[in-house]
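Presented below is the structure to which this report refers.
The values are calculated or read from the model by the stated rules, or taken from the named source; none is laboratory data. Values in this document were obtained by computation on a predicted structure and should not be read as measured data. All Cβ positions, glycine included, derive from the backbone under ideal geometry; neighbour counts span all protein chains shown.
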Amino acid sequence: MAQAAREKENYSAACRAFTKTRAGLDQPWLTALRERAAESFQGLSFPTTRDEEWKYTNVAPLLEKQFRQLFDLDLSGVQAKRLESVTFPEARESRLVFVNGIYAAELSNTSGLPDGVQVANLSQFASGSDQFPEAALGSLADHENDTFTALNTALIGDGAVVRIPRGRAIEQPIHLLFLTAATEQIVAYPRVLIVAEEGSMATVVESYASLQNESCFNNAVTEVIVNPGASLDHYRLQQESERAFHIGTTRVRQEQGSRYRSLAISLGAEISRHTLNVEHRAEQIETIIDGLYIVTGSQHVDNHTSIDHAHPHCQSSQLYKGILDGRARAVFNGKVFVREGALLTDARQLNKNLLLSGTATVDTKPQLEILADDVKCSHGATVGQLEEEEIFYLASRGISSERARALLTFGFAGELIERIGIRSVREGLDRTVLDKLHQSLEVE
Amino acid sequence: MLEIRNLHATIDGKEILKGLDLTIRAGEVHAIMGPNGSGKSTLAKVLAGHPSYEVTGGEVLYQGENLLELAPDERARSGVFLAFQYPIEIPGVSNANFLRMAYNEKAKHEGQEELDPLEFDDLLKEKMKIVEMDQSFINRAVNEGFSGGEKKRNEILQMAVLNPHLAVLDETDSGLDIDALRVVANGVNKLASKENAIILVTHYQRLLDYIQPDFVHVLYKGRIVKSGGKELALELETRGYDWIRTAVNAA
């Protein structure tokens, strides 16, 4: 217990230090939210493998490390060339960049966005007259029960706020990029709020990348509100260094007739966890949550998702696919609740895993809880290797078995990558995936 | 082109082919018929080099060389093609990428020029006409979500792209309706030439209404027990296989 207490005290001290730096800077509502979260954090403990939700993911190695939180912007670790590799041209004029948790105005550019679309640093709202985020920020992310969320909320400083105005369809993808680029072990608390107003339509790419191989910790929280009739495509891309730690939480609220599609890709980090919860607040909602994780070496990736079907006539589909090599480990826990009265719910869930080595392991738990009648639900999970029949099929067309394996592995991931609507992101991921699989395969 | 002598093959220790002899020359179309379990598909898979089958005796000479020494991909590059009875779905890999890769592997082997995506696209469009396939299939994942008929067409499209010397069509007619059968058979007829040879493995006579074989062989208990011209297929259609069984079992 002494160890746990020490770890918590380190983070509490960080909260106090942070509060000092923000003294007098923020609007009272934000200060109050932080204080409430700090209080929650005091009453909570970091999860252990004794907690059901963290049974297979041990965060002890993360908590043992000492990370420093930076308060000043330092761009010395951001080389133009590396930056280019984690940005994409479609969002050149519609992106926000954060470095080590701090907003980097120099690297951000939102000039390409139509008037009325707000894509800005949270601090701007926190101290200015526009109090738009007040009602939404913290309304979904549960700082009262979730330790990491409490910590993130207690430390809200810079962050990304996206607001798509009523009835508008935004063509440019909006890119929110959170970089770590430090020569020491740092911790950052990325925070994102996305509000798609009634009948609007937009695409947001939220990405996390490391520009240095240093062991950093991102504790990220994203809140998404999809208002009636709105449609949001949300790509979440975690490609941090393999020494990084990443704990991410995404909470989504959907209103009447809205559509939310998420694709969460996890490639980096030594230990990464993404929790995605989607809550239905009305009828005729469509939810698509897909995921892809590729882990090698001794990486550990954990995806916990839940979709709460609380109203009739809603659809959800979920496909999470994983490729594991080396001694990597993956955890998938997907819950689908169909509450009483959620008639005619159509919910499909599938988790598929491809093991490239005999030492990689997967713990998968698709869960379906149905309390309503007249629903269509399916769920399942597979863990397997490349099929000999598939390899033979390709070989019978003249493709060597080595290339056949690479092509099949690539294809396994490609099924999800090809669903990405942004060309450069899609192509960039193709390359990243191939590199990651240590295979050079010629594809268009 | 192909000479099979006293071929024995097993799967999971069970002997399926028990001394099969067959000689095929360029320009010929051979039909292999026979009751279920006689070894027809085993022969097709052994020729393509399926790893689950073990050749325990005999030899197979292809263009004068020992075919059995070659790995499946080497066989394909040297011109052996197997149209699968149950084509495999490959999600995430587009038909175009897959076909171009296969084409270029063979081109490289033959010292021909490899094609870039644009050049290959032109070639593919031409070949797709042979099997009356819609252009939309180019960018779809290989066989994924294809109907039974579409999968078989895709097999013949691959044959058209790879232009094999020896094509083995394993029950290509199974699961096809009459329109799809006609399209697939027409495709095969367009691809047949004096330079190549085709083996049709089939259970039914109906395919042979569309593709005229030069020879018909009856495979039973792992051996060719009767050979003849196309009239043999008609005879099998009317009389069934019992008279063959009786004759073989009496011998």
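Output the number of the condition that A:THR382 fails; it satisfies all remaining conditions of (1) in contact (Cβ under 8 Å) with a residue 40 or more places away in the chain; (2) β-branched (Val, Ile, Thr); (3) within 22 Å of A:THR305 (Cβ to Cβ); (4) within 14 Å of chain B (Cβ to nearest Cβ).
(1)
Which ranges mark the strands (runs of 3 or more DSSP E) fully within segment B:133-251 that have 2 or more residues being not aliphatic (A, V, I, L, M)?
In segment B:133-251, B:215-220, B:223-228 are the strands (runs of 3 or more DSSP E) which contain 2 or more residues that are not aliphatic (A, V, I, L, M).
When segment B:1-26 is examined, which residues are found to be at pLDDT 95 or above and closer than 19 Å to B:ALA197 by Cβ?
B:LEU2, B:GLU3, B:ILE4, B:ARG5, B:LEU7, B:LEU20, B:ASP21, B:LEU22, B:THR23, B:ILE24, B:ARG25, B:ALA26
Quick one: in segment A:385-410, which of the residues that are closer than 27 Å to A:GLN349 by Cα, buried (at least 17 other Cβ atoms within 10 Å of the Cβ) and not hydrophobic (A, V, I, L, M, F, W, C) is nearest to the other protein chains (Cβ to nearest Cβ)?
The residue in question is A:GLU390.
Among the strands (runs of 3 or more DSSP E) lying completely within segment A:291-356, list those that include at least 1 residues that are touching a residue at least 60 places away in the same chain (Cβ under 8 Å) and in contact with a Leu (Cβ under 7 Å, 6 or more places away or on another chain). If you could, list the steps in order and put the result at the bottom.
On the way: elements: A:300-309, A:315-324, A:329-338, A:346-355.
Qualifying strands (runs of 3 or more DSSP E): A:315-324.
For every residue, the table says whether it meets (1) assigned by TED's automatic domain parsing to the domain that holds A:VAL192; (2) of a type in the set (Gly, Ala, Ser); (3) farther than 18 Å from A:THR203 by Cα; (4) touching a residue at least 12 places away in the same chain (Cβ under 8 Å).
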residue	(1), (2), (3), (4)
A:ARG68	yes, no, yes, yes
A:PRO89	yes, no, no, yes
A:LEU137	yes, no, yes, yes
A:ALA160	yes, yes, no, yes
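Considering each residue of segment B:90-115, count those that are within 18 Å of B:GLY79 (Cβ to Cβ), facing another protein chain (nearest Cβ under 7 Å), in contact (Cβ under 8 Å) with a residue 40 or more places away in the chain and among the hydrophobic types (A, V, I, L, M, F, W, C), and give that number.
Residues that pass the stated criteria total 1.
Can you name every residue in segment A:197-236 that is of a type in the set (A, V, I, L, M), touching a Phe, Trp or Tyr at 6+ places or on another chain (Cβ under 9 Å) and in a strand (DSSP E or B)?
A:VAL204, A:VAL205, A:ALA209, A:ALA220, A:VAL221, A:VAL224, A:VAL226, A:LEU232, listed by residue number.
Taking segment A:224-264 as the search range and keeping residues that are surrounded by fewer than 24 Cβ atoms within 10 Å (Cβ to Cβ) and among the acidic types (Asp, Glu), which one is farthest from the chain's Cα centre (by Cα)?
Only one residue fits best here, namely A:GLU255.
I need a count of the residues in segment A:411-439 that are buried (at least 18 other Cβ atoms within 10 Å of the Cβ), more than 7 Å from chain B (Cβ to nearest Cβ) and not β-branched (Val, Ile, Thr).
Qualifying residue count, segment A:411-439: 7.
Quick one: is A:LEU343 over 26 Å from A:GLY411 (Cβ atoms), of a type in the set (A, V, I, L, M, F, W, C) and surrounded by fewer than 19 Cβ atoms within 10 Å (Cβ to Cβ)?
Against the criterion (over 26 Å from A:GLY411 (Cβ atoms), of a type in the set (A, V, I, L, M, F, W, C) and surrounded by fewer than 19 Cβ atoms within 10 Å (Cβ to Cβ)), A:LEU343 qualifies.
Given A:VAL119, A:VAL97, which one is in a strand (DSSP E or B), over 29 Å from A:GLU270 (Cα atoms) and in contact (Cβ under 8 Å) with a residue 24 or more places away in the chain?
Just a single option satisfies the conditions, and that option is A:VAL119.
Name the single residue that is surrounded by the fewest Cβ atoms within 10 Å (Cβ to Cβ) among those in segment A:347-379 being out of contact with any strand residue (DSSP E or B) (no Cβ under 6 Å at 6 or more places or on another chain) and more than 28 Å from A:ALA310 (Cα to Cα).
Only one residue tops the list, namely A:GLY358.
Applying the selection to segment B:78-87, what residues are within 20 Å of B:PHE137 (Cβ to Cβ), within 9 Å of chain A (Cβ to nearest Cβ) and buried (at least 18 other Cβ atoms within 10 Å of the Cβ)?
Within segment B:78-87, B:PHE81, B:PHE84, B:PRO87 qualify.
Go through segment A:239-274 and count every residue that is assigned to a strand (DSSP E or B) and either touching a residue at least 60 places away in the same chain (Cβ under 8 Å) or aliphatic (A, V, I, L, M) (or both).
Of the residues in segment A:239-274, the ones assigned to a strand (DSSP E or B) are A:239, A:245-254, A:259-266, A:271-274.
With either touching a residue at least 60 places away in the same chain (Cβ under 8 Å) or aliphatic (A, V, I, L, M) (or both) added as a condition, the list becomes A:239, A:245, A:247, A:249, A:251-253, A:263-265, A:271, A:273.
Of the residues in segment A:239-274, 12 are assigned to a strand (DSSP E or B) and either touching a residue at least 60 places away in the same chain (Cβ under 8 Å) or aliphatic (A, V, I, L, M) (or both).
Being more than 9 Å from every other protein chain (Cβ to nearest Cβ), surrounded by fewer than 23 Cβ atoms within 10 Å (Cβ to Cβ) and closer than 27 Å to B:LEU208 by Cβ: is that true of B:THR23 here?
The answer is yes for B:THR23.
Yes or no, residue by residue, for (1) of a type in the set (D, E, K, R); (2) surrounded by fewer than 22 Cβ atoms within 10 Å (Cβ to Cβ); (3) without any contact (Cβ under 8 Å) to a residue 40 or more places away in the chain; (4) on the phi > 0 side of the Ramachandran plot:
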site: B:ARG153; (1), (2), (3), (4): yes, no, yes, no
site: B:PRO164; (1), (2), (3), (4): no, no, no, no
site: B:LYS194; (1), (2), (3), (4): yes, yes, no, no
site: B:GLN212; (1), (2), (3), (4): no, yes, no, no
site: B:PHE215; (1), (2), (3), (4): no, yes, no, no
site: B:VAL218; (1), (2), (3), (4): no, no, no, no
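Residues in segment A:337-369 that are aliphatic (A, V, I, L, M) and out of contact with any Lys or Arg (no Cβ under 9 Å at 6 or more places or on another chain): how many? Show your work before the answer.
Residues of segment A:337-369 aliphatic (A, V, I, L, M): A:338, A:342-344, A:347, A:350, A:354-356, A:360, A:362, A:368.
Remaining after also requiring out of contact with any Lys or Arg (no Cβ under 9 Å at 6 or more places or on another chain): A:338, A:342-343, A:355.
Of the residues in segment A:337-369, 4 are aliphatic (A, V, I, L, M) and out of contact with any Lys or Arg (no Cβ under 9 Å at 6 or more places or on another chain).
Restricting segment B:43-53 to residues that are surrounded by 14 or more Cβ atoms within 10 Å (Cβ to Cβ) and touching a residue at least 24 places away in the same chain (Cβ under 8 Å), which is nearest to the other protein chains (Cβ to nearest Cβ)?
Pass one, segment B:43-53, residues surrounded by 14 or more Cβ atoms within 10 Å (Cβ to Cβ): B:43-51, B:53.
From what is left, the residues that are touching a residue at least 24 places away in the same chain (Cβ under 8 Å) are B:43-49, B:53.
Numbers: B:LEU43: 15, B:ALA44: 10, B:LYS45: 9, B:VAL46: 12, B:LEU47: 10, B:ALA48: 5, B:GLY49: 7, B:TYR53: 11 Å.
In this case the residue turns out to be B:ALA48.
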